[in-house]
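No value in this document is a laboratory result; all are computed from the given coordinates. In this text, all values refer to a predicted model and were calculated from it rather than measured experimentally. Note that each Cβ is placed from the backbone with ideal geometry, even for glycine, and that neighbours are counted across all protein chains shown.
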Amino acid sequence: MEEKKAKSEKVGVGAWIALIVLILILSGAFRTMDGPIKVLDFTNLSGAFGTIGDTGANLIGSGGTGAKDGFMAGFNLIPAVMFFCGLLAVFEQLGAYKASEILFRPLLRPLLGIPGKCGIAFISSFTGSDVAAVMTRDLYEEGSITDDERTIFVAYQYAGSACINNTITGGAPLVAISPVALGPCILIMVFCKIIGANIVRIILRLSGKKRSKEGKTA
């Protein structure tokens, strides 16, 4: 059904260009670039809070603890999430979702059992969990993925969340003394994420068969 639907929908050159640009923006490839090209990165487009005077602290401050610090950390996410929702709506109108369904279906359907429409969220989950979470919610609410597919995708995303970004930033001190290069470390994490998601996939399939058998015997 999914393949017939994808074939019936024509995807133009503009949709493919929109998909490529969106993947580049979410991939983090231009995050540390110099010059105007650095705008092709979501983090750079989201910007940063300015510092307060000569203190070096921004709106979030420093040294906070407890619920108040947690609230400010959550507050810090609002501008980026709001910006992304608007950005996503623009690229959706340009046909990026339809193109991603065709491009990622041969990879994601056998690998994780999820449709190709999850491709953009799949790419963005390597560098950030917030954007991928928003996209996954939207995909479920519009009926593009089922509840089981959402569960499998969430299991993939939140095991080693944002593995590239967190490894480079939070794990920087450990990477410096690690006997293994950064690339193999990330590949191992991605492999474990895929294994974990497929374990959830198997559990859901077995539980679904069990429910169907119970329904027949009832």
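A few notes on this one:
- Among P115, P179, P106, the residue with the largest mean-square fluctuation in a Gaussian network model of the chain, with springs joining Cα atoms closer than 10 Å, is P179.
- The reciprocal of the average 1/r between distinct C-alpha atoms defines the Kirkwood hydrodynamic radius, which for region 1-119 equals 17.0 Å.
- Distance between the 7 Å Cα→Cβ label points at A181 and R211: 4.6 nm.
- Within the chain, longest stretch clear of exposed GluC sites (Glu not before Pro) (DSSP loop, no more than 14 other Cβ within 10 Å): 10-141
- I152, I164 arranged by Cβ crowding within 10 Å, fewest neighbours leading: I164, I152
- Given their separation in residues at 0.36 nm each and the Cα-Cα distance between them, K38 and S62 gain 5.9 nm when the chain is fully extended.
- Contour excess over end-to-end distance, with Cα ends at V21 and E92 and 0.36 nm allotted per residue: 24.3 nm
- Cross-link check: pairs K10/K213; K38/K68; K117/K193; K68/K98; K98/K209 evaluated at a Cα-Cα cut-off of 30 Å; pairs beyond the cut-off: K10/K213; K38/K68; K68/K98; K98/K209.
- Computed [θ] at 222 nm, deg cm²/dmol, the chain (DSSP H ≥ 4; -39,500 (n - 2.57); rounded to nearest 500): -21000 deg cm²/dmol
- Residues listed by number, region 121-137, amide nitrogen under 13 Å from I188 label point at 7 Å toward C-beta: none
- Calculated FRET efficiency, I52 to C85, Cβ-Cβ distance, R0 = 30 Å: about 0.60 to the nearest 0.05.
- Rounded to whole Hz, the Karplus (6.51, -1.76, 1.60) HN-Hα couplings of region 149-165, x for glycine and proline: 5, 4, 4, 5, 5, 5, 4, 5, 5, 9, 8, x, 4, 6, 4, 5, 5
- Dipole of region 45-136 computed with +1 at Lys/Arg Cβ and -1 at Asp/Glu Cβ about the Cα centre; of G50, A121, L111, farthest Cα towards the positive end is L111.
- Taking S27, S161, S46 as the candidate residues, the one with maximal mean-square fluctuation in a Gaussian network model of the chain, Cα springs under 10 Å, is S46.
- Cα gyration tensor, the chain - rounded (a/c under 1.5), prolate or oblate: prolate
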